[in-house]
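Notes for the one structure printed next.
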Amino acid sequence: METMEPILKIDNLKTSFMTSNGEVQAVRGVSFSVNKGEILGIVGESGSGKSVTSMSILRLLADTAKIKEGTISFGGENLIEVSKKRMRQIRGEKISMIFQDPMSSLNPLIPVGKQVEEMIREHHPDRSREDAKKEVLELFEKVRIPEPEKRYKCFPHEFSGGMRQRVMIAMALANKPELLIADEPTTALDVTIQDQILKQLRELEKEYGTSIIFITHDLGVVAELCDRVIVMYGGLIMEEASIFDIFEHPGHPYTMGLLASIPDVEQDKSVRLMPIPGSPPDMTNPPKGCPFAPRCPYARKVCAQELPEFVQVGEAHKTRCFLQYPDAPADEHNPFRKQ
Ligand code: SF4
């Protein structure tokens, strides 16, 4: 069996925001790794800690945020400890990011081609303008921007949302990064364009061998793209599994709730999907027990009192739920241990 080689390893990451209402404990001890050439999905509702985790990796957090504990190992360096200058080199050259709203990352006053060219020259000052432009045109072709030479001179407002996202992907890949972090890059796009972009990310991952962290609230998108998935809730990882296991044997009630809210293409469109009732916990005062307890249909007394451990339930499959403990009762209220 092929051995997996992690290119990124996060251990016990804790990130908080200091607000006038107190400390928001957005990420409360997260550990995971990303293997070479792998697409890892991070799934969760807003406020689960998924985006704060990715912003911590790139050290792109707001001034009010603080990484309080943990290590982020990448290429032999702990990204939490490297200097700001070194971090700037790593961003865009070794790790790059695409966001949901490309407009927020593109300069409205500079032609798109020029912006990608600048990205290349910033990290490779020895490259001539002509060579950098040639690379931009090749990249545009790769991400299927039609008529690259003509489009090179266009401004962001002259592009559609899908086309702008393609420019962002071109920019993110400009320096052939080892890791690409995509935070909800297709959420604002219609389904057809979303499909095209996902397909393209898959092709680019294959061609360049780039590892990808794909952040989304949508398990349906994860099914199309990812190899493995992490499900986050209340600043913690609730489940980690292969795509097969997450869809065939979900090991956490929260994951089961997310699965129930995926639209089925064959489903009668008049049937409303079942969102998970309730709202996420207040992270200024996180619950001492399982954060999902107030919304969990299987919660027991112990769930509100203690935090379950993250336990192995299969090969490369871990979950954080008391009902998965080896000594958990097998009864009709336990979806994982039916009698
Ligand atoms: Fe539900 Fe308890 Fe499991 Fe949390 S630990 S998911 S509350 S059953």
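Throughout, read-outs are computed from the coordinates displayed, never taken from laboratory work. Computed from a predicted structure; not experimentally measured. All Cβ positions, glycine included, derive from the backbone under ideal geometry; neighbour counts span all protein chains shown.
At a glance:
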read-out	value
Fluctuation leader among F244, F17, F310 - the chain, Gaussian network, Cα springs under 10 angstrom	F244
K150-E122 FRET efficiency (beta carbon distance; Förster radius 25 Å; 0.05 resolution)	0.50
Most mobile of P108, P294, P148 in a GNM of the chain (Cα contacts under 10 Å)	P108
Candidates N285, N12, N35: whichever shows maximal mean-square fluctuation once the chain is modelled as a Gaussian network with Cα springs under 10 Å	N285
E81 versus D11: modelled label distance in nm, points set 7 Å from Cα along the beta carbon direction	1.1 nm
Pair E69, E224: separation of 7 Å Cα→Cβ label points (nm)	3.9 nm
Those lysines that a straight Cα-Cα span of less than 18 Å connects to K206, excepting residues fewer than 8 apart in one chain	K36, K94, K142, K176
